[in-house]
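Step one of this worksheet: look at the structure below.
The values are calculated or read from the model by the stated rules, or taken from the named source; none is laboratory data. It should be emphasised that the depicted structure is a prediction, and the values quoted were computed from it without experimental measurement. With ideal geometry, Cβ positions are generated from the backbone for all residues, glycine too; neighbour counts draw on all protein chains shown. Heavy atoms of the whole protein, side chains included, go into the accessibility calculation; ligands, DNA and RNA do not. Shrake-Rupley method; radii C 1.70, N 1.55, O 1.52, S 1.80 Å.
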Amino acid sequence: MTSPMTSRTPIGGTAAALALVLAGGPAAAPAGTATPAPLVAKGQIAQLEDAISVILTADEDRAGYQSTSFPHWNKGRDTTDACSTRAEVLIAEAVEEPDVSAACKLTGGKWFSYYDEQTVTKQSSIEVDHVVPLAEAWGSGASAWTAERREAYANDQAATATLTAVTARTKREKGEQDITGWLPPSTSALCRYIGDWVATKLRWGLSTDKEELEALKLFADNSCETTMVRWTPAPGTLPPV
């Protein structure tokens, strides 16, 4: 469940966010000082800088991408109910749980969108976002996956970093852009978003391109230097080399 923040400071896009980082930026999320655990298959935790260092770097190629290559939303974790993955995420992340009909129609409920620190009560104003967009995943290695693995990625509820409930407006603004093209408008969301981005890339064995890597390093070297990244490799993900 997402916890509401109490302040919101809009910024003018990715360039402004990166400028803010270089100027000292928002305070990084509280973190311990423990030495990162070894990279083992059952789960990892590492400081942002160390996590970034084990992501494969490769040129991005989005040629041939189409959203239908990632079947979503599927029947969700509980295939015996009528709820899709999208509905299950909304139910799980609600700060006030909605009523759920036998056909999984959601009524009422309240959500907090950490991207822009907005509280949402209207169904039409809330969406479920892939933190690492489908087109970005395709261009970072998913084009070589099986259809089954792409479906697993698009409906991944086993890791909290992969999918999140956000305002429909921020989801539209973000589209399929990576971190060099879009960042959350709330400054207090930046380190969490960057940490979730890196965790998802590591969980699924996705690569970064050079521009993306440089942006990640800016955050790791400045305002997000104490951010801890937690991830568990998805089934079939090879360990970092």
Legend entry - Verdict on Trp73 being touching a residue at least 60 places away in the same chain (Cβ under 8 Å), of a type in the set (A, V, I, L, M, F, W, C), closer than 26 Å to Pro184 by Cα and open to solvent by 60 Å² or more (accessible area, probe 1.4 Å): yes
Legend entry - Selected residue [of a type in the set (D, E, K, R) and within 14 Å of the chain's Cα centre (by Cα)] from Lys201, Lys217: Lys201
Inset, instruction - Go through (1) outside any loop (DSSP other than H, G, I, E, B); (2) among the hydrophobic types (A, V, I, L, M, F, W, C); (3) under 21 Å from Gly76 (Cα atoms); (4) open to solvent by less than 10 Å² (accessible area, probe 1.4 Å) and name the single condition Ala135 misses. - result: (3)
Legend entry - Selection within region 144-194 - over 15 Å from Glu127 (Cα atoms), among the hydroxyl-bearing types (Ser, Thr, Tyr), open to solvent by less than 10 Å² (accessible area, probe 1.4 Å) and part of a helix (DSSP H, G or I): Tyr153, Tyr193
Legend entry - For Thr80: the one exception among (1) of a type outside the set (Asp, Glu); (2) open to solvent by 70 Å² or more (accessible area, probe 1.4 Å); (3) touching a helix residue (DSSP H, G or I) at 6+ places or on another chain (Cβ under 7 Å); (4) without any contact (Cβ under 8 Å) to a residue 40 or more places away in the chain: (3)
Inset, instruction - Report yes if some residue within region 92-103 is within 18 Å of the chain's Cα centre (by Cα) and within 28 Å of Asp178 (Cβ to Cβ); otherwise report no. - result: yes
Legend entry - Subset of region 174-200 (residues that are touching an Asp or Glu at 6+ places or on another chain (Cβ under 9 Å) and charged (D, E, K, R)): Lys174, Glu176, Asp178
Inset, instruction - For residues that are of a type in the set (Ser, Thr, Tyr) and open to solvent by less than 20 Å² (accessible area, probe 1.4 Å), scanning just region 195-236, find the one that is farthest from Ser140 (Cα to Cα). - result: Ser223
Legend entry - Subset of region 38-62 (residues that are open to solvent by 70 Å² or more (accessible area, probe 1.4 Å), modelled with pLDDT of 95 or more and among the small types (Gly, Ala, Ser)): Ser53
Inset, instruction - Answer with yes or no whether Ala152 is in contact (Cβ under 8 Å) with a residue 40 or more places away in the chain, within 13 Å of the chain's Cα centre (by Cα) and closer than 14 Å to Trp73 by Cβ. - result: no
Inset, instruction - Find all pairs meeting these conditions: Cβ atoms under 9 angstrom apart; at least six residues apart or on different chains; first residue within region 94-119 and without any contact (Cβ under 8 Å) to a residue 40 or more places away in the chain and on the phi > 0 side of the Ramachandran plot; second residue of a type in the set (Asp, Glu) and in a strand (DSSP E or B). - result: Gly108/Glu96; Gly108/Asp99; Gly109/Glu96; Gly109/Asp99
